[in-house]
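Reading through the structure tokens given below for one structure.
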Amino acid sequence: MAGRNGKKTVGSLVLSLGVCVVAAGVAYAFIPHDDSKQPPIKRVDYRIELLTARRAASYPVAAPMGLPKAWKPTSVRYAGEPNEAWHLGFLDPEGQYVAVEQSTDKPARFIEDASQGAEATSRKQTIDGKEWRRYKGEKYDALVLTEKGSTTLVTGTADFGQLTKMAEALEMKKGEDAAQ
């Protein structure tokens, strides 16, 4: 008799488990859910890091002035020696990524890293009297300005129109000019 009750118990357990799995599947299928939702990216205040970088860097540090509020700053960092590097990341109004990158590192290596492998094109454009070269890549495109002592990139997933808007908004200041 004990053996027979044991079989009923295991059978009932399997049946109950099957009913639970079916109920969970039905609930999953009919209850709305959005797996693509990601938490909103927070806006960062980069003013203090910018002032610090402008005082510490050996080159004029670039940051945009006058961009509409729809441009959302999302990341900032400055690293000193051995190759000074400034990074300021944004989401543009369409949600595309745009970054301002500067460094004293060797231009070829820095451009390769910051643009994620984008390659130089024959296209150049003049922004604020300076000649920027266009780079095209699978992931990022870039506008590159090579000057004595540093290289500046405006790079990201945004199109060249948005990259140009960022480059046009850049103010490059250093040291004592930083507080103005």
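The numbers here are math on the coordinates, done by the rules we state, and not lab data. All figures in this text were calculated on a predicted structure; none of them were measured in a lab. Counting neighbours? That spans all protein chains shown, and the Cβs are built from the backbone with ideal geometry, glycine included.
Enter the mean projected area of the convex hull around the alpha-carbon atoms of the range 88-128, in nm², rounded to one decimal. Could the numbers behind the result be given before it?
On the way: hull surface 16.8 nm².
Its average projected convex-hull area is 4.2 nm².
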Under a point spin-label approximation (7 Å from Cα along Cα-to-Cβ), what is the ALA108-ASP159 distance to one decimal in nm? 3.4 nm
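Would you mind counting up the charge near THR74? Only other residues with Cβ under 9 Å from its Cβ, with Lys and Arg at +1 and Asp and Glu at -1. Intermediate results must be reported in sequence, preceding the final value.
Values: positive: LYS42, ARG43, LYS72; negative: none.
Local charge sum for THR74: +3.
Which order do the peptides 100-108, 69-77 come out in when sorted by mean C-beta neighbours inside 10 angstrom, highest first?
Values: 100-108: 18.9, 69-77: 14.3.
Peptide ranking by packing, descending: 100-108, 69-77.
If you take the Cα Rg of the range 32-180 and divide it by 2.2 N^0.38 Å, with N the number of residues, what do you get?
Working: Rg = 15.4 Å, N = 149, 2.2 N^0.38 = 14.7 Å.
Here the Cα radius of gyration is 1.04 times the empirical estimate.
Starting from the Cα-Cα distance between THR121 and GLU138, subtract it from 0.36 nm times their residue separation and give me the gain in nm to one decimal.
4.8 nm
Just the C-alpha atoms of the range 97-178: what Rg/Rh do they give, with Rh taken as the Kirkwood radius?
Details: Rg = 12.0 Å, Rh = 12.7 Å.
My calculation of the ratio gives 0.95.
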